Each structure stands twice: as C-alpha cells, then as structure tokens.
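Novice: Pasting a structure below so you can have a look.
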Amino acid sequence: MKTIEEIKAAIEAAVPGAGVEVVPNPSPSAQHSLRLEPERAVEVARFLRDDAELALDFLSNVTGVDWPDREVAEKVKVTRTVTKIVEGVEQAAEETAEETQKRVEPGYLEVVYHLFSVEKKYGPVVLRMRTVNRTDKVELPSLTPVWRSAEFQEREIYDLFGVFFTGHPDLRRILMWEGFQDHPMLRDYVEPDDFEYEPTAHDEVLARAQAHEAAVAGREGTGVGQ
Amino acid sequence: MTVSGAIRKMKPEGWNRPPLVKLDSEGELLEIAMGPHHPSTHGVFRMNLTLDGERVVGLKPEFGYLHRNHEKIAESISYLACMPYTDRLDYICSLTNNWAYALAVEKLVGLEVPERAEYLRVILGELTRVQNHLGATGFLIQDMGASGTPLMYAFKEREKILDLFESLTGSRMMCNYMRFGGCRVDASSAWLDAARKVVAGLPSFVGEFESLLCTNEILMARTQEMGILRRELAVNAGVTGPLLRASGINYDLRKVDHYGIYDRFDFRVPLGEHGDVYDRMMVRLLEVRESIKILEAALKDIPGGPVMDSKAKNRGLRPKPGEAYGRIEAPKGELGFYLISDGGPNPYRYRVRPPSLINLTILEDMCLGHSVADVVLIFGSVDIVLGEVDR
C-alpha cells in the first residue's frame with residue numbers, strides 16, 4: 001500500500017497540473033486526505049480507478065461538510081510612524097504595537113469521498129473538494145460517471161447541502177420532497193414555520209407556538225397570506 | 001481477470017449506467033407507482049415503474065418517507081447520546097449499528113477494547129447476522145408467495161436469539177449495548193450457557209431449513225437467472241454484503257479490515273457464481289453456517305476480565321480535533337460512520353454510510369426486462385430496512 005504522499009506523486013505524474021494537496025488529519029486514526037482542484041477532479045478520479053497499481057475501484061462513502069464563515073482573531077504586529085515630542089522637539093519615530101485584528105475567513109462547502117480498493121484490499125484513500133463559497137458558486141464536478149455508487153450519495157448532498165454536481169445524470173432531491181426550498185444540513189438552516197404545533201405545547205415548543213400564532217394573527221390582520 | 005482489470009478493458013463511457021431497453025412498436029407505455037404502501041416494499045418505499053405490457057422498461061426508486069435527518073440530530077447531541085439513535089437505523093440489527101459507531105469513535109479517540117468485550121461484540125454481532133439472514137430469507141420467500149410458513153419458521157429461531165438480546169441488554173431490538181472502549185454490562189455465565197444452548201440448536205435448524213427450501217423445484221425455477229448483477233457493476237456501484245459476494249467478489253470486511261478479533265476465528269467467505277436471486281439466498285444461508293462456526297469458537301474461548309477500558313471516557317467525551325471513518329461488515333453490507341470532531345462535546349459532522357441505500361443504486365439495472373412480479377422478488381433479495389435507507 002502506498003502512503004498518501006506517494007499517491008499524490010503518482011497523481012501529479014499522471015495528470016500534470018492536478019493541484020493536489022495533502023490535508024493532514026491530527027486524530028489517532030491518521031486518515032489523511034487529498035484535496036483536489038475541481039477542474040481536473042474527474043480526470044484524477046478516472047486515473048485512481050484505472051491505474052493498475054492503485055486500483056481504487058470501490059467508492060464507499062460520499063458526504064458533504066458545511067464550513068460556514070469564520071471570524072478569526074489574530075494578533076498582528078503593527079508598525080506605524082508616530083510623532084513624538086522628545087525634549088521639546090517634534091520627532092518622527094517608529095512604534096511597534098500588538099493589535100488584535102479580526103478578519104472573516106470565507107466559508108465553503110466540502111465534499112468528501114472515501115475510496116477503497118477491492119482488488120488490492122486497502123484503504124481508505126480520502127479525497128476532498130471545496131466549493132468557492134456557500135451560496136451561489138457551489139458547482140463541483142460529479143464523480144458518478146467514474147463510480148456509480150456516487151449517484152444516490154451525490155443526490156443526497158445536493159438535497160441536504162445544496163452542492164450542485166455538474167455532469168450528474170439525474171440530480172434531483174432524494175430525501176426531501178420535490179419543491180422543498182432549503183438545504184437542511186447547512187449549519188445556519190432555520191426550520192420553516194409552516195406546521196401547526198401540538199395543543200399542549202411546553203418549553204421551547206411553547207415559545208415557538210406563540211411566535212407562530214402571533215405571525216398568523218399578524219397575517220390575518222393585514223389580509224396577507226390567507 | 002480481476003475486476004479492476006476488467007474495468008480497465010471496458011472502455012466505452014456509460015457502461016455503468018442502466019442499459020436502454022428496446023421497446024415493442026405496438027402498444028403504450030404504462031407508468032405505475034408501486035408503493036409507498038405496498039406489502040412487498042418492506043416499509044414505505046416507492047418505485048416508479050415504466051411498463052411495456054408486463055415488462056419493466058424503467059424503474060425510479062423514491063425515498064424519504066421515513067427521513068428524520070438522523071445526522072442533524074446526532075450533530076446536536078453528545079457522542080454518547082447518539083448511541084441509542086443508531087439502534088433505529090437498521091432496526092433489525094441494532095447491535096451491529098452500535099458496533100460500527102463505537103468503532104468509529106474508538107478510531108477518532110484512539111481507544112483500546114478489552115479482550116472480553118471484543119469476544120462479546122463478536123458473539124452479539126454474529127448472532128445478529130444469523131437472525132438477520134434468517135429473517136431476510138423468510139421475507140424473500142414470503143415475497144415469492146409462500147405465505148407465512150417459511151417466514152414463521154425462520155422467526156421461530158430468530159425469537160430465541162432476540163430473547164438472548166433481551167436478557168443481556170434489556171431490549172429485544174433496541175439494544176443500545178456497545179460503548180466507546182467496551183460494552184455496557186458484562187454477560188453472566190448463565191447467559192453464556194443460554195447462548196451456547198441456542199447456538200447448539202442452530203446447525204440442525206439451518207440444515208432443515210436448507211433442505212426444505214434450496215432444492216425445491218418451484219423455488220429454483222423462480223429465482224435462478226433472475227435479477228443478475230454483473231460483478232464489474234457491483235463493485236463500481238458500491239454494492240456490499242451478501243449482494244456483492246453473490247456476484248462472486250471475495251470482499252468481506254471481517255477478512256479485509258481485520259477489525260475486532262476476527263483474525264482469531266477460522267471461517268470461510270461463501271461466494272456466488274451467477275449473481276442472481278438464488279445465489280443471494282444461498283450466500284446468506286451459507287454465511288449463517290460460517291457464523292455458527294465463529295459463535296461456537298467464541299463461546300468456547302471467551303476469557304474473563306473487564307468489559308470496559310478503564311481509561312475510556314463516555315460521558316462528556318470531547319475528542320481532539322480530527323476525523324475518522326470506521327466501518328464494519330454489518331449483515332446488510334458495509335456500515336460506516338464518518339465523524340469530524342472540532343474538539344466540542346458533539347460531533348461537528350456525523351455521517352452514516354448506509355448499506356441499504358447504496359445497495360439500491362443498481363435496482364433498476366437488475367429489474368429491467370423482468371415482469372412486475374419479479375421486481376418484488378429482486379427487491380426482496382437486496383434485503384433493505386427503510387429506517388436505514390431514509391435515516
């Protein structure tokens with residue numbers, strides 16, 4: 001069995017410019033993964049499947065992960081020029097101070113593929129792909145033409161996370177119903193206020209039931225949404 | 001030639017899609033929805049069939065009637081609190097679900113399992129396999145029209161195994177027994193004796209069951225050459241479990257992954273040759289025989305000692321950031337759990353790799369060209385539980 005670096009080297013030799021990157025996994029399982037650039041992903045996948053030495057013929061698990069925007073606070077050393085009065089004379093001096101700067105790391109959706117080899121009996125080899133952002137640029141290439149087992153699992157990711165797989169033969173919702181709007185596995189998903197609550201509501205259900213009734217009463221008052 | 005070798009030779013694109021069926025020029029196509037409330041769909045599951053006369057020319061499975069977003073629930077509760085929820089995935093085999101989840105967390109945290117607990121896990125896992133395969137065969141024959149008797153015959157033995165589960169774990173089907181780094185309670189010597197007694201009765205029962213069914217002419221005529229699954233497609237479509245092995249692929253995770261203590265037992269992996277419904281039924285029955293061998297050895301060798309790792313932490317578990325994918329050979333195929341931890345008390349991402357759902361990917365390929373009555377049979381031979389398909 002090859003190590004993750006050897007697999008990376010094999011991919012780069014076979015598919016020039018594939019842009020593969022090793023993502024280390026610090027947990028005791030030590031299942032490190034390879035991050036692929038979406039442009040060449042299908043080519044890389046086909047190589048992994050058909051290469052006689054790697055022979056990753058079995059795609060076991062496909063899943064999505066939502067990584068929302070993250071606020072990162074980091075300490076930065078800032079050097080700025082300040083005017084100081086030294087002994088009655090104005091002087092320009094450089095001063096270095098530590099400041100905490102906050103910046104927002106943009107979020108993305110990630111798709112993870114777990115590959116095994118039935119022929120060589122090893123695995124898992126983990127592949128990951130990232131979308132550009134979480135809202136409008138969510139296209140990733142589908143690996144269903146390479147491994148059929150991705151068909152239903154990619155449909156599920158489309159359904160629950162909203163990743164759009166280009167080249168998928170039958171991209172429809174699978175678990176939620178046709179016409180459902182949102183993607184429930186996103187971390188900022190808000191449940192729709194669209195069902196009647198139980199008559200003996202309590203605790204948090206009671207609060208939501210009251211909000212629901214108030215909203216319904218508001219709509220009835222304005223004559224909207226009836 | 002190996003499977004991958006065969007794939008490398010098969011170049012034309014689209015070979016792994018369902019084939020196009022030639023239509024007769026006369027007559028109209030009929031579209032019918034089979035299910036969700038149909039006795040042969042084993043739950044709430046719908047197949048949208050396109051029929052040319054009696055012949056199936058298209059089949060689209062529809063899921064989600066039992067969807068409760070198990071994964072989202074698991075991401076909002078602690079690692080331990082999720083254990084009872086895993087019982088409800090494949091509710092016929094709750095103990096193997098527990099095992100797969102415990103294994104994934106043990107990989108994530110790096111826990112060892114004491115020897116006695118490993119033996120108990122093997123005993124309970126194999127008992128689960130026996131009762132699942134007996135039930136699956138009984139249901140399959142029920143779908144064939146042999147109403148009642150063979151199913152109840154299989155359930156007679158299954159009931160004894162469920163009694164064992166109940167006396168050890170407190171529940172017949174929702175066992176909630178495994179823990180990270182061991183098992184919840186120890187088995188008494190009286191329980192082990194009762195298990196030995198049940199296992200001692202199994203071989204004669206299986207022999208009788210086989211001799212009643214497997215050489216039955218009607219059953220053979222009904223199931224052979226039916227719903228054939230090619231081996232290249234089986235691997236490419238991620239099919240696992242008895243379905244894969246009936247197509248002739250030697251891939252059993254107990255042998256491949258060496259998880260638990262399966263290396264210590266002498267057992268064989270039954271393989272089919274044709275990949276039809278009959279082979280699937282036979283592979284299941286032969287697997288029961290191999291499981292009995294494992295059970296006999298495990299019940300003989302089980303050592304004393306603790307059933308929980310003393311360092312193991314279950315309540316308030318906060319794994320270090322990282323991820324792990326753990327999988328076992330569940331009765332229905334490869335059951336995997338993928339966990340990502342961000343260091344918090346609940347999983348950042350929790351994913352179940354359900355064998356039942358992925359084994360259904362090739363349902364259309366297997367059913368094309370057959371009649372509606374055969375679809376019932378082919379679907380029954382896949383052996384699914386809707387609690388796991390829809391999650």
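Each reported figure results from applying straightforward, stated rules to the coordinates on display, with no laboratory input. Model, not experiment: these values are computed from the prediction. Positions of Cβ are backbone-derived with ideal geometry, glycine not excepted, and every protein chain shown enters the neighbour counts.
Novice: With unit charges on the beta carbon (Lys/Arg positive, Asp/Glu negative), name the residue among B:354, A:147, B:111 whose Cα is farthest towards the positive pole of the charge dipole of the protein assembly as shown.
Specialist: Comparing the listed Cα positions along the dipole, B:111 ranks first.
Novice: Count charges around residue B:42 for me, please; just the other residues with Cβ under 10 Å from its Cβ, Lys/Arg as +1, Asp/Glu as -1.
Specialist: Details: positive: none; negative: B:143, B:383.
Charge balance in the 10 Å sphere: -2.
Novice: Under a Cβ-Cβ cut-off of 12 Å, what is the net charge of the residues other than residue A:98 that fall near it, where Lys and Arg count +1 and Asp and Glu count -1? Kindly include the intermediate steps, with their values, before the conclusion.
Specialist: Values: positive: A:75, A:77; negative: A:74, A:95, A:99.
So the environment of residue A:98 carries a net charge of -1.
Novice: From the backbone phi of the stretch A:17-28, what are the Karplus-calculated ³J(HN,Hα) couplings (6.51 cos²θ - 1.76 cosθ + 1.60, θ = phi - 60°) in whole Hz, Gly and Pro given as x?
Specialist: x, 6, x, 8, 9, 7, 9, x, 10, x, 6, x
Novice: Specify the residue with the greatest mean-square fluctuation among B:249, B:358, B:261, computed from a Gaussian network of chain B linking alpha-carbon atoms under 10 Å apart.
Specialist: Maximum fluctuation in the GNM of chain B, among the listed residues, is at B:261.
Novice: Let me check against my output: what whole-number percent is the relative contact order of the stretch B:42-130, with C-alpha pairs under 8 Å and at least 6 apart? All intermediate terms of the calculation are to be shown ahead of the outcome.
Specialist: Details: 56 pairs, mean separation 14.5, N = 89.
Here the relative contact order equals 16 percent.
Novice: Cα to Cα, under 13 Å, and not fewer than 8 places away if on the same chain: which aspartates and glutamates meet these conditions relative to residue A:121?
Specialist: The qualifying aspartates and glutamates are A:53, A:57, B:252, B:257.
Novice: Here is a follow-up. If amide hydrogens are placed 1.01 Å from N in the peptide plane, which non-local residues have theirs closer than 5 Å to the one on residue B:46?
Specialist: B:62
Novice: Moving on to the next point. Between residue A:51 and residue A:178, with labels modelled 7 Å along Cα→Cβ, what's the label distance in nm to one decimal, could you check?
Specialist: 4.2
Novice: What does DSSP give for the protein assembly as shown in terms of the percent of beta bridges that are antiparallel, rounded to the nearest 5?
Specialist: On the way: 68 of 74 bridges.
Expressed as a percentage, antiparallel bridges in the protein assembly as shown total about 90.
Novice: Work out the charge dipole of the protein assembly as shown with +1 on the Cβ of Lys and Arg and -1 on the Cβ of Asp and Glu about the Cα centre, then indicate which of B:249, B:19, B:227 is farthest towards its positive end.
Specialist: The Cα lying farthest towards the positive end belongs to B:249.
Novice: Would you please give the residues with an amide H less than 5 Å from that of residue B:179, counting only those at least 5 places away or on a separate chain, with H modeled from the backbone geometry?
Specialist: HN-HN under 5 Å from residue B:179: B:184.
Novice: Karplus couplings for the stretch A:94-106 from phi (6.51 cos²θ - 1.76 cosθ + 1.60, θ = phi - 60°), rounded to Hz, Gly and Pro as x?
Specialist: 9, 10, 10, 9, 9, 10, 8, 10, 10, 9, 9, 7, x
Novice: Further question on the same structure: Of the cross-linked pairs A:120/B:300; B:60/B:156; B:255/B:300; A:102/B:72, which ones have a Cα-Cα span greater than 25 Å in the structure shown?
Specialist: Details: A:120/B:300 34 Å; B:60/B:156 36 Å; B:255/B:300 21 Å; A:102/B:72 30 Å.
The pairs that break the limit, which is 25 Å between Cα atoms, are A:120/B:300; B:60/B:156; A:102/B:72.
Novice: Order by neighbour count: B:302, B:218, B:362, fewest other Cβ atoms within 10 Å first, most last.
Specialist: Values: B:302 19, B:218 10, B:362 25.
In order of increasing Cβ crowding within 10 Å: B:218, B:302, B:362.
Novice: Right, another one. Can you give me the long-range amide H partners of residue A:139? Hydrogens built in the peptide plane at 1.01 Å from N, cutoff under 5 Å, separation of 5 or more residues or another chain.
Specialist: A:132, A:164
Novice: Relative contact order for chain B: what percent, with Cα pairs under 8 Å and sequence separation of 6 or more?
Specialist: Values: 720 pairs, mean separation 104.4, N = 391.
27 percent.
Novice: Spelling out what I want: for every residue of the stretch A:123-140, take phi, set θ = phi - 60°, compute 6.51 cos²θ - 1.76 cosθ + 1.60 (Karplus), and round to whole Hz; glycine and proline get x.
Specialist: Rounded to whole hertz, the list is x, x, 9, 9, 10, 9, 9, 10, 7, 6, 9, 9, 10, 10, 9, 10, 7, 9.
Novice: Here's something else I'd like to know. Cβ under 9 Å from residue B:52's Cβ, residue B:52 left aside: what net charge do those residues give with Lys, Arg +1 and Asp, Glu -1?
Specialist: On the way: positive: B:55; negative: B:24, B:28, B:54.
Around residue B:52, the surrounding residues sum to -2.
Novice: Can you list which of the DSSP-assigned H helices in chain B have a Cα extent of 30 Å or more along the long axis and an average Kyte-Doolittle score of at least -0.5? Please report the intermediate quantities before stating the final value.
Specialist: Working: long enough: B:115-143 (42 Å, -0.08); B:189-213 (36 Å, 0.64); B:277-301 (36 Å, 0.13).
Span-like helices in chain B: B:115-143, B:189-213, B:277-301.
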